[in-house]
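Since the structure comes first, as structure tokens, the remarks are kept for the end.
The values are calculated or read from the model by the stated rules, or taken from the named source; none is laboratory data. Model, not experiment: these values are computed from the prediction. Neighbour counts are summed over all protein chains in view; Cβ atoms, including those assigned to glycine, are modelled from backbone coordinates with ideal geometry.
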Amino acid sequence: MENALSVGDGIYQIQVPITDNPLGHTLVYALESPGGLVLVDAGWHDDNAWNGLTSGLAAIGHSVADVEGVVLTHFHPDHSGLCGRVRDASGAWIAMHEADHDQFAQMSADRDADWMNAERQNMARAGADQAEQDAFVTAMGEEVHVGRDSAPDRLLADDESIALTGRSLRVVHTPGHTPGHVCFHLADADVMFTGDHVLQKTTPHVGNFVYPLEERDALAQFLDSLRRVQSMNVTRGLGAHGLPIDDVAGRAAGLIDHHEERLEHLHDNFGDDQITVWQVAERMKWYKPWAELSPMGKHMALSEAAAHLRHLVARDLVAPVPGPEPARFARK
């Protein structure tokens, strides 16, 4: 079965597999440009993904050598992983929003002893015990990370235009899922490439990874970005995962409502207790019971809990409780 198809308006969609991941694949989009093709995202970083990308390009009558550039919605490895191989094969430029450049550098850094110890200390401040720290460090040591050869060489700025053949892509900065996440608006087709900001079915992950409270209010950024996209009245959305979105504004509104409900539920579940960030995560609803989550699943859940906690503090509904680490919080 071919893994590429035309979705209309001169847009081609290529399914690039993500090996051993329940998401299945990243949807990469190809559009004609003055120098050949511009890709929206590139896909995961292994031979299986590379074969998916190259066969998909062949199915639409092109090769990797035709790629002029790659515009990245964000730095995550299922989006940026193949950039180095694409650039080696074609000389393409790789563009990412400035706010995600440091994030990419951290993601591609070596997982040495100092890094592992810093992660242990970070988790301890959240209230994770030694066994949970050990499980996470072991899981991280087994993770495959993006190579530095995929690092972007061009900055994207909000409202910048990327030249295509006879038209252009407008960069729309939508922080939240990552600090530098961007969507791309193709105005003449009334289409937005939404990356992981707005997805047809899945609720994008929004997390803070510094405990107990990170300066960045990731959830506030995400909600503001959703309102911005909602106000643009774009009809069709093409996300990096899942089916096309028929009503981008409506789906954005649904995501806002979802997070407001989670905030209310979390606030109620504080009761009269003083709890750590780890205990906040334990009290939130996840796709399976907390005890059944994998170490990496708990780490992602912890970051999302921290983002919701951070936002409740910003709304003056929850406050830190003075005392030794791990930090504790109580409802106001």
Which pairs have Cβ atoms under 6 Å, sit 6 or more apart or on different chains, and link a residue in segment 270-290 that is farther than 13 Å from His308 by Cα to one that is of a type in the set (Asp, Glu)?
-> Trp290/Glu282
Under 7 Å by Cβ, and 6 or more places apart or on different chains, what pairs join a residue from segment 223-243 that is more than 18 Å from Asp190 (Cα to Cα) with one that is surrounded by 20 or more Cβ atoms within 10 Å (Cβ to Cβ) and aliphatic (A, V, I, L, M)?
-> His241/Leu27; His241/Leu199; Gly242/Leu199
When segment 62-71 is examined, which residues are found to be assigned to a loop (DSSP other than H, G, I, E, B) and out of contact with any Phe, Trp or Tyr (no Cβ under 9 Å at 6 or more places or on another chain)?
-> Ser63
Would you point out the residue of segment 50-63, among those that are buried (at least 22 other Cβ atoms within 10 Å of the Cβ) and of a type in the set (A, V, I, L, M, F, W, C), that is farthest from His101 (Cα to Cα)?
-> Leu57
Within segment 35-52, is even one residue touching a Leu at 6+ places or on another chain (Cβ under 9 Å), at positive phi and free of Cβ contacts under 8 Å to residues at least 60 places away in the same chain?
-> yes
Could you tell me whether segment 71-87 includes any residue that is surrounded by fewer than 17 Cβ atoms within 10 Å (Cβ to Cβ), more than 24 Å from Val206 (Cα to Cα) and in the same structural domain as Met192 (by TED's automatic domain parsing)?
-> no
So, in segment 139-154, of the ones that are within 19 Å of the chain's Cα centre (by Cα) and among the aliphatic types (A, V, I, L, M), which residue ends up modelled with the lowest pLDDT?
-> Val144
What single numbered condition from (1) modelled with pLDDT of 95 or more; (2) in the same structural domain as Ile18 (by TED's automatic domain parsing) fails to hold for Thr276?
-> (2)
Of all residues making up segment 29-49, the number that are farther than 19 Å from Gly195 by Cα and touching a helix residue (DSSP H, G or I) at 6+ places or on another chain (Cβ under 6 Å) = 1
Looking only at residues in segment 45-59 that are in contact with an Asp or Glu (Cβ under 9 Å, 6 or more places away or on another chain) and at pLDDT 95 or above, which one is nearest to Gly91 (Cα to Cα)?
-> Leu57
Spans of strands (runs of 3 or more DSSP E) in segment 230-332 with at least 2 residues surrounded by fewer than 19 Cβ atoms within 10 Å (Cβ to Cβ) = 318-321, 328-331
Take segment 159-178 and flag every residue that is without any contact (Cβ under 8 Å) to a residue 40 or more places away in the chain and either in contact with a Gly (Cβ under 8 Å, 6 or more places away or on another chain) or more than 19 Å from Ile11 (Cα to Cα) (or both).
-> Asp159, Glu160
For segment 26-40, how many residues are out of contact with any His (no Cβ under 8 Å at 6 or more places or on another chain) and part of a strand (DSSP E or B)?
-> 8
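Listed here are the residues, each with its yes/no results for (1) over 30 Å from Gln274 (Cα atoms); (2) not in a loop (DSSP other than H, G, I, E, B).
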{"residue": "Arg85", "(1), (2)": "yes, yes"}
{"residue": "Ala89", "(1), (2)": "yes, yes"}
{"residue": "Ala95", "(1), (2)": "yes, yes"}
{"residue": "Ala99", "(1), (2)": "yes, yes"}
{"residue": "Phe104", "(1), (2)": "yes, yes"}
{"residue": "Asp110", "(1), (2)": "yes, no"}
{"residue": "Arg125", "(1), (2)": "no, yes"}
{"residue": "Phe136", "(1), (2)": "no, yes"}
{"residue": "Asp149", "(1), (2)": "yes, yes"}
For segment 156-228, list the strands (runs of 3 or more DSSP E) that sit wholly inside it and hold at least 2 residues that are in contact with a Ser or Thr (Cβ under 8 Å, 6 or more places away or on another chain) and surrounded by 17 or more Cβ atoms within 10 Å (Cβ to Cβ); which are they?
-> 168-173, 182-186, 191-195
Please enumerate the residues belonging to segment 1-24 that are part of a strand (DSSP E or B) and either among the hydrophobic types (A, V, I, L, M, F, W, C) or in contact (Cβ under 8 Å) with a residue 60 or more places away in the chain (or both).
-> Ala4, Leu5, Val7, Gly8, Ile11, Gln13, Ile14, Val16
